[in-house]
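Every number here is computed from the coordinates shown, using simple stated rules; none is lab data. Small disclaimer: the values here were computed from a predicted structure and weren't measured. Reconstructed Cβ throughout: ideal geometry from the backbone, glycine too, with neighbour counts over all protein chains shown.
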Amino acid sequence: MLDTVVFDSGTPGPHLLITGAIHGDEVCGTIAIGRTIMELRTGIFKLDKGKVTFAPICNPKAYAANARYSDVNLNRVVQKHKAPSLYEHGLANDVTALIDTADVYLDLHSYSSGTLPFLFLDYDTPAHRAYATALNIPHWVTGWNALYEDAKDLSTGDTMTYANGAGKLGILVECGLHSDPVAALHGYKAIRAALAHFGIAEAFDKTPPAKPDIKRMVSLEVKKKEGRMMQDWQHLDSITKGMPIAQYDDGETLTAPVDGVIILPGKKTALGEEWVYYGVSAE
């Protein structure tokens, strides 16, 4: 089972699960969780009700190697595995067991192609919107589930899909660039905002939330063969339909299918994995 740290206020209330390093090279969540644990242990702040479970490193082998994963992308295999055959299958069993015990969930990630923190609003319900708004992160991305309905070969389950299916309220936050120390600060603020939203602890930042900029994912490109991006694309860069985005080594060129934005362009994408997503304004 994964290493966890639990704080219980002793007063009835929600149980919040917070995970870091689902991908081993995404250390901001681990750092943010470590700071929060230290502050709770030293009394810098305390829980008012409920409890929180921290799982700082959800992919230990990949984390030790500073790699995205060991055998397979953990956040594409989050389901129950009766006979786990790969390292991340066993981890998925641990992660799902943790989700099962919680009421609400925050999953902290980072990415390789930009510095802006953003969150995925995978389920557009009033409760999810209220939670997302409380995190006070100005950029949201929607449409993940609809996109993967047509790409089931790429994913058998992710943290938010599993959480929703288990009746849990969850949000996944991309805190910023992998190597940017500020990403850990964004992660810490997200933790404190989640604790405050559910009444578990006092608010850290009382800045009124701004109206979010919401983009909806509409398509994705899988890397079929060796190639390169046509420029140093950054997450949420503007694009126009027909603009060259990437080129395979054999000369085949990928072009933007829409007027909109580029989402999570992959810097070191493995063959057969998601290379780039495209999005449009949602509101």
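Could you give the size of the charge dipole of region 98-213 about its Cα centre, using +1 on the Cβ of each K and R and -1 on the Cβ of each D and E, expressed in debye and rounded to the nearest 20?
420
For region 1-47, state which trypsin sites (Lys or Arg not before Pro) are in a DSSP loop and have at most 14 other beta carbons lying within 10 Å of their beta carbon.
Details: sites: Arg35, Arg41, Lys46; in loops: Lys46.
Taking region 1-47 and a limit of 14 other Cβ atoms within 10 Å, the loop trypsin sites (Lys or Arg not before Pro) found are Lys46.
For region 258-264, what does the Karplus curve 6.51 cos²θ - 1.76 cosθ + 1.60, with θ = phi - 60°, yield as ³J(HN,Hα) per residue in whole Hz, taken in order and with x for Gly and Pro?
Karplus-based 3J(HN,Hα) across region 258-264 equals 9, 7, x, 9, 8, 10, 6 Hz.
What is the fewest-to-most order of Thr269, Thr19, Thr207 by other Cβ atoms lying within 10 Å of their Cβ?
Values: Thr269 20, Thr19 28, Thr207 9.
Least to most surrounded, the residues fall as Thr207, Thr269, Thr19.
Multiply the residue gap between Val72 and Asp237 by 0.36 nm, knock off their C-alpha separation, and tell me the result in nm, one decimal place.
Computed gain between Val72 and Asp237 is 56.5 nm.
Against the globular-protein guess of 2.2 N^0.38 Å, express the Cα radius of gyration of region 215-281 as a ratio, rounded to two decimals.
The reported ratio for this selection is 1.00.
What residues have an amide H closer than 5 Å to that of Gly176, excluding those fewer than 5 places away on the same chain, when H is modeled at 1.01 Å from N in the peptide plane?
Tyr111, Phe118
Can you tell me what share of the DSSP beta bridges in the chain is antiparallel? A percent to the nearest 5 is fine.
55
Amide H of Ile245 versus every other amide H placed in the peptide plane: which residues, excluding those fewer than 5 positions away on the same chain, fall under 5 Å?
Leu254, Thr255, Ala256
Please give the Cα centre distance for region 130-182 versus region 222-253, rounded to the nearest Å.
Region 130-182 and region 222-253 have Cα centres spaced 24 Å from each other.
Hey, can you rank 81-90, 163-172 by average C-beta count inside 10 Å, highest first?
163-172, 81-90
For the chain, what D do you get in µm² per second when you plug the Kirkwood radius from alpha-carbon pairs into Stokes-Einstein at 10 °C and 1.306 mPa s?
Taking Rh from Cα pairs, D becomes 82 µm²/s.
Which residues' amide hydrogens lie under 5 Å from the amide hydrogen of Trp275, considering only partners 5 or more residues apart or on another chain, with H built in the peptide plane?
Correct list: Glu221, Val222, Lys223.
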